[in-house]
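Participant: One structure follows; several queries about it will come next.
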Amino acid sequence: MENNVTYLLSQSLKGESIESSNDNLKRKEQTIQIQDESQGVSDFMGIVDNNTFNV
Amino acid sequence: MKKIFILTIFGLIAFSNSAKAAVFTDPAVLAAILQQTATQTTEHLNQLAQEIQAVTTLEQQLSSTQGILQLAQLNAQGVDGLQVIANFENTILSANSVIQAIQSDINTSQNLPSQWQTVFGSLSPYIQNTSTAFTNIDASDKLNTASYLVGDSYQKLYDQNTATVAQFVASANQVNEKRCSQTNRPRNSRAYPNGK
């Protein structure tokens with residue numbers, strides 16, 4: 001009985017670890033997206049000056 | 001006579017430059033042309049020259065358009081260096097779009113970068129936040145890996161326990177069979193049918 005409980009708990013722990021890792025992967029993608037957006041706006045602010053509209 | 005001569009030249013030029021010159025075979029149109037004065041004919045010749053000039057300009061624009069099309073095709077094929085051009089064009093389009101949206105806050109006759117700073121603010125905190133987020137996510141990933149390994153180690157213990165129990169059951173069955181054979185009693189079913 002205790003052995004079965006150990007098995008179930010270990011499976012539960014492994015499953016939660018995998019789900020948490022998948023959540024972290026999504027968070028990483030969102031963070032990268034925000035970072036790219038911030039970098040894009042920063043580049044925009046650096047590139048676009050009054051001469052841009054004369055092109 | 002001079003008028004007719006000029007009209008004839010004009011008719012020949014118009015006929016040779018346009019397939020639509022066939023409309024001059026219409027008697028009504030031809031009569032209208034013949035009634036034109038020399039001044040009107042000169043004006044028409046000038047208009048024709050302007051149209052030729054317009055066609056030439058259009059051809060140049062078309063050539064430029066084909067060049068842009070080729071650039072766009074090369075860009076779609078992923079040729080190095082062209083992405084910069086596309087990005088810059090996108091930047092200009094974005095700038096126009098943004099300025100239209102916040103026209104009351106931006107004055108294009110003044111220095112733009114400082115005005116962008118006023119509108120968007122400093123993005124340094126956002127960049128710093130992403131670094132912090134990556135650090136936290138990495139720590140969480142390490143914790144998840146450790147948790148998985150702990151769960152895996154418990155599962156190995158379960159497998160070891162299961163193997164040990166199976167050995168005990170096999171030994172018990174052997175002992176039971178030996179006892180039954182020594183006492184000549186019929187063998188019972190397994191003493192421990194289940195291994196767990």
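Participant: Hey, B:VAL98 hits all of (1) under 17 Å from A:GLY40 (Cβ atoms); (2) within 9 Å of chain A (Cβ to nearest Cβ); (3) at pLDDT 75 or above but one; which does it fall short on?
Facilitator: (3) is the only condition that B:VAL98 fails.
Participant: How many of the residues in segment A:9-33 are loosely packed, with under 12 Cβ neighbours inside 10 Å and over 30 Å from B:PHE134 (Cβ atoms)?
Facilitator: Total meeting the criteria: 0.
Participant: Whether any residue in segment B:127-141 is part of a helix (DSSP H, G or I), more than 30 Å from A:THR31 (Cβ to Cβ) and of a type outside the set (Val, Ile, Thr) is what I want to check.
Facilitator: no
Participant: Considering only segment B:130-138, I want to know if a residue exists there that is at pLDDT 70 or above, under 28 Å from A:ASP49 (Cβ atoms) and facing chain A (nearest Cβ under 10 Å).
Facilitator: Yes - at least one qualifying residue is present in segment B:130-138.
Participant: Out of everything in segment B:139-155 that is surrounded by 12 or more Cβ atoms within 10 Å (Cβ to Cβ), hydrophobic (A, V, I, L, M, F, W, C) and more than 38 Å from the chain's Cα centre (by Cα), what residue ends up being farthest from the other protein chains (Cβ to nearest Cβ)?
Facilitator: It comes out as B:LEU149.
Participant: Right, another one. Restricting the search to segment B:101-118, which residues are more than 9 Å from chain A (Cβ to nearest Cβ) and closer than 10 Å to A:MET45 by Cβ?
Facilitator: Result: B:SER114, B:GLN115.
The values are calculated or read from the model by the stated rules, or taken from the named source; none is laboratory data. Just so we're clear, the structure is a prediction, and the values are computed from it rather than from any experiment. Cβ sites come from the backbone with ideal geometry, for glycine too, and all protein chains shown count toward neighbours.
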